[in-house]
Amino acid sequence: MAVEWKRLEKLKDGEVLAEDLVDENSNVLFSKGTVMTKEKILFLKDKAVFWLPMEVGKFDEFRLRRNFVKDQESIENEEPMVGWFDFAIQEEIYRDFIDTFEDILKNLRFAGKTKVALFDRIVNILVDEISNQKTFVINLFRKYHSGYAYKHGINTAILSLMTGVTFSMQRQNLVLLAKSAILHDIGYIFMDDPNYVDIGKLPEREKVIQHIKVEREILYSWNFIDNSEVTNAILDHHEKYDGSGVPLGKAKDEISLYARIIQISDAYDSLVSTTPEALKMNPYQAMKWILARAGQDYDPQIMNVFLKVTGMYPTGTRVKLSNGKSGTVLRSSKSGLLIPVVVVDDNLIDLSKDKSIWIETVIY
């Protein structure tokens, strides 16, 4: 039997636990094989358990599938693209991550309660989702209306994990990277500014410093994270490779490795996000903007790895081809970062295989 993690409110009578379910103190609430009932679901709700590992059939039976017409609609609406290739993350799981992350932070902020076990659980699921991908298709939601900061934390974690996997990081390091990335902008949420985007806004330096101070207070006073590598990564993510960042002016290897990865992922998602303060660049423009700052703001070596993840024409880039047709980039081809696979008129064209067609210009 395969395992699918489900949110509590989506469980039905008769579904079976695939693993032992434990609380924050490692006490077993229900053992593997337990059949869920309405009474058990209510009990878990009182225990603030929101995710459960449930038995399902073979993996392919529950893997989200859509036909190409639906895929094309997703492309046009800047929604995640799915289809014949592995994609960054399933839509339902993605939305659940954001909703759960929001629940965790609101509970921390307004009730002073830390749901560490729940946070650890969603981080581990996210790491497994990304680690199992063979071909990265960056299908991040650019339009999600639950609050930019929550969506941005998950998007930054997805991009950072893709970079970490390409870097051949061990799983334990990927877990720490994911935790750091999800929480990197927690300060803005506690400052009542969940829509703030600082990319390209130099006059906001003091606001950035203030948000780091708030994060330090949260991390050290509320005991939400007890790992110094995660804490350092969060507090370092506004440092710059050339030493011109804040709050300490760290440079190069003085900056946490996780932070150097997060900085690039943070910038990319901020640049392409459709929020009031974002610069709203297309994926290609965002990559050019970031590449121009390699060696200044960003670690050049990590930038090269990130480029392997996205390609020079990231997923969602609209291009005009030499044959006069327009298409949408799905992913890089196996031949290199400059030659993508493009969706054109309900067909996939691998430009590395068809030498008679090339990208003439980027539309948006």
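Under the classification rounded if a/c is under 1.5, otherwise prolate if a/b is larger than b/c and oblate if not, where does the stretch 300-364 fall, given a ≥ b ≥ c as square roots of the Cα gyration tensor eigenvalues?
Working: a/c = 2.11, a/b = 1.76, b/c = 1.20.
Cα axes put the stretch 300-364 in the prolate bin.
On the full set of protein chains, 1.4 Å probe, figure out the accessible area of Ser131 and give it in Å² to the nearest 10.
Using a 1.4 Å probe on the heavy atoms, I get roughly 50 Å².
How much accessible surface does Trp222 have with a 1.4 Å probe, in Å² rounded to 10?
90
Long-range amide H contacts for Leu29: which residues qualify at under 5 Å (H placed 1.01 Å from N, peptide plane, sequence gap of 5 or more or a different chain)?
Leu21, Val22, Asp23
Which order do Thr317, Thr114 take by accessible area at a 1.4 Å probe, largest first? Spell out each step's value before the answer.
Details: Thr317 0, Thr114 40 Å².
Reading off the accessible areas and sorting them downward yields Thr114, Thr317.
Taking the highest mean first, how do the peptides 324-333, 337-346, 9-18 order by number of other beta carbon atoms within 10 angstrom per residue? Walk me through the numbers on the way to the answer.
Numbers: 324-333: 20.2, 337-346: 17.7, 9-18: 13.7.
Going from most to least packed, we get 324-333, 337-346, 9-18.
Which entries of Lys134/Lys325; Lys325/Lys353; Lys207/Lys252 have Cα-Cα distances beyond 22 Å here?
Numbers: Lys134/Lys325 29 Å; Lys325/Lys353 17 Å; Lys207/Lys252 24 Å.
The answer is Lys134/Lys325; Lys207/Lys252.
Using Cα positions and a limit of under 22 Å, work out the lysines in reach of Lys113, with same-chain residues fewer than 8 apart set aside.
Excluding near neighbours in sequence, the set is Lys45, Lys47, Lys151, Lys179, Lys213.
The values are calculated or read from the model by the stated rules, or taken from the named source; none is laboratory data. Since we're looking at a predicted model, the values are computed, not measured. Glycine gets a Cβ as well: all are built from the backbone with ideal geometry, and neighbour counts include every protein chain shown. Accessible surface is based on the protein model in full, side chains and every heavy atom, while ligands, DNA and RNA are left aside. Shrake-Rupley method; radii C 1.70, N 1.55, O 1.52, S 1.80 Å.
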